[in-house]
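Student: Provided herewith is a single structure, encoded as structure tokens, for subsequent inquiry.
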Amino acid sequence: MNSLSHTHTFVLVHLRAKIKETADLAQKVSNDNMEAQKRSSFSKEATATQKDSVTVASTQVVSTELVFTQHCNHHGTLFGGQVLEWMSSVATISASRLRKGFCVLKSIDDVHFVESALQGERVVI
């Protein structure tokens, strides 16, 4: 049996994670970059802005976690809070790469768990 057949990917539908300062800062940086480029596309500021830009690919984080006994409830399925903790870590790492600095998770709204994971399985976040 293929070891990947035990891998469960949690699909977090309608997940809206609000990371403190990151969304506002990213929007402000984006707006500032657009304004700087409009004013002077050949200036040193615009060149520096392009060098400091962050690609979407550089903020991508994938984490594979093994479900141990301490992660499970009495039914032998993974605690939802554990998934949220792992997701929070991955989101914070991604946001920190975007911001190029420290970020804090502010809140999470409207999470739906589509499938459960059992002890011994791998979860890809």
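The values are calculated or read from the model by the stated rules, or taken from the named source; none is laboratory data. This structure is a prediction, so every number in the text was calculated from the model and none was measured. Heads up, the Cβs are rebuilt from the backbone with ideal geometry, glycines too, and the neighbour counts pull from every protein chain shown.
Student: Exactly one condition in (1) over 14 Å from Gln60 (Cα atoms); (2) modelled with pLDDT of 90 or more; (3) surrounded by 16 or more Cβ atoms within 10 Å (Cβ to Cβ) is not met by Leu105; state its number.
Tutor: (2)
Student: I need the full set of residues from the stretch 47-69 which are β-branched (Val, Ile, Thr), at pLDDT 80 or above and surrounded by 10 or more Cβ atoms within 10 Å (Cβ to Cβ), in order please.
Tutor: Within the stretch 47-69, Val54, Thr59, Val61, Thr64, Val67 meet the criteria.
Student: Further question: Taking the stated definitions as given, is Lys18 loosely packed, with under 12 Cβ neighbours inside 10 Å and at pLDDT below 90?
Tutor: no
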